[in-house]
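Since every read-out is calculated from the coordinates, none of them should be taken as a lab result. What you see is a predicted model, and the numbers here were worked out from it, not measured in a lab. All Cβ positions, glycine included, derive from the backbone under ideal geometry; neighbour counts span all protein chains shown.
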Amino acid sequence: MAFTEDLTIYEQIAEMIEQDILRGDLKEEDQAPSTNEFARVYQINPATARKGLNLLVDEGILYKKRGLGMFVSKGARKLILKKRQKRFYEHQLPQLLEEARRLEISKDELLEQIRKEDQ
């Protein structure tokens with residue numbers, strides 16, 4: 001994976017773990033990759049990886065077991081979904097609707113296209 005300019009590296013580390021949880025690659029009580037693993041694989045500073053993991057600890061998605069590492073919290077998937085749904089409704093949906101207005105796409109046409117894509 002190559003890091004992008006959109007987010008800081010530590011935010012991208014946090015998003016990678018969230019994606020693993022959403023896909024089911026990491027389940028409740030599974031151990032998350034260590035800061036040293038991230039540092040080695042992605043050739044980044046371990047402190048940067050730690051900052052990304054600690055973001056998820058602060059949000060209750062991961063928890064620390066002293067001397068063992070970080071683990072996926074119970075209910076982590078629901079927390080991530082709720083956080084990302086909020087982000088979608090607050091940021092992406094308004095952008096989508098604004099672009100539809102610029103392109104003179106009515107809400108009915110937009111809903112029709114969404115229904116077609118959903119089949």
Exercise for the section: Quick one: which residues, 5 or more positions from N45 or on another chain, have an amide H under 5 Å from its amide H? H modelled 1.01 Å from N in the peptide plane, none for Pro or chain starts. Expected result: none
Exercise for the section: State the answer as a single residue: which of L56, Q92, A14 lies farthest towards the positive end of the charge dipole of the chain, with beta carbon charges of +1 for Lys and Arg and -1 for Asp and Glu, about the Cα centre. Expected result: L56
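Determine the gain in length on full extension of the stretch D25-K65; use 0.36 nm per residue of separation and subtract their C-alpha separation, reporting nm with one decimal.
On the way: separation 40, 0.36 × 40 = 14.40 nm, distance 2.01 nm.
12.4 nm is the gain from fully extending D25 to K65.
Calculate, in whole percent, how much of the Cα-Cα pair population of segment 9-75 lies beyond 17 Å. Numbers along the way, then the final one.
On the way: 710 of 2211 pairs.
Looking at segment 9-75, the distances longer than 17 Å represent 32 percent of pairs.
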Handout entry: Convex hull projection area averaged over all views, the chain, Cα basis, nm²
Key = 9.4
Handout entry: Cα-projected label distance for E5 with L111, points at 7 Å along beta-carbon direction, nm
Key = 4.0
Completion exercise
Under the 7 Å Cα-to-Cβ spin-label approximation, R102 and D58 lie apart by a distance in nanometres of 3.3
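Any of K65/K86; K27/K82; K83/K107 with alpha carbons more than 24 Å apart? Name them for me.
Numbers: K65/K86 29 Å; K27/K82 17 Å; K83/K107 26 Å.
The pairs that break the limit, which is 24 Å between Cα atoms, are K65/K86; K83/K107.
Let me check I've understood the local charge: for V72, count other residues with C-beta under 10 angstrom from its C-beta, Lys and Arg +1, Asp and Glu -1. What total comes out? Intermediate results must be reported in sequence, preceding the final value.
Details: positive: K27, K74, R77; negative: D20, E28, E29, D30.
Spelling it out: positives minus negatives among the neighbours equals -1.
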